[in-house]
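Contents: one structure, followed by commentary.
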Amino acid sequence: MSRLHVQPLVPTKPASASATFYDKISTCPIRFGARRKAASEPPKMEPATVRRPKVKLCYVCGREYGLSSIEIHVKQCKLLWIAQEEKKPPRERRPVPEPPHEVALEANVLYQLSPDELEALNRAAAKAFEDKVMEKCAFCGRTFNPERLAIHNRSCTAEKPARAVGTARLAPTEPSPQAPNRPRWRDRDASCRKQENHPVPPSRDDRP
């Protein structure tokens, strides 16, 4: 009875071809190692940049609004300013703050500005709000909104002004009492007298 010889389904490569492949790997080990390291490392994810929405600062109230609504807000903010000032006595009323020369309110103009140009306009509006709207406290020098200044002056008075920004109250330090200077020779004489009154007992070697 004849035996059946089963050949493998996967054809074997000749020894010369496999040797040639490993010879190529050995000639450039750095390149092969770099590929293997790159394959093992996970891909690096770049941090997503958070874009701040474009806003415009109101020079009347100091708040930020969208570019499409800032023009409507400024008109309403001026009317609110006039209504609040009419509640005051005539001598204490203030006019509506004037806009700085660099301020633009049209939405079609604001959308065409670069981030740096828009930031420059916001800085100009913030300076106008600080100079023309904010009121300074006569006791501590800090600036507040007109409605907040009256609340602040309840605790900040001429007798007890509030702490200014960037400063700290330090408790007055009193000099610590120092011991009187005693001459050292007195301490030495006192120790000698103590030894005379209480002599040191002799050691075992000195005993008879």
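A few comments on the model shown:
- Extension reserve of the THR157-LEU113 stretch, reckoned as 0.36 nm per residue once the Cα distance is removed: 11.2 nm
- In the structure shown, the pairs LYS56/LYS88; LYS88/LYS160; LYS54/LYS75; LYS87/LYS132 are assessed against 23 Å; a Cα-Cα span above that value is assigned to LYS56/LYS88; LYS88/LYS160.
- Förster radius 30 Å - calculated FRET efficiency between GLN84 and PHE139, Cβ distance, rounded to 0.05: 0.80
Read-outs: derived from the displayed coordinates by stated rules, not from any lab. As the structure is a prediction and not an experimental result, all values here were calculated from the model. Cβ coordinates were reconstructed from backbone atoms using ideal geometry, including for glycine residues, and neighbour counts include every protein chain displayed.
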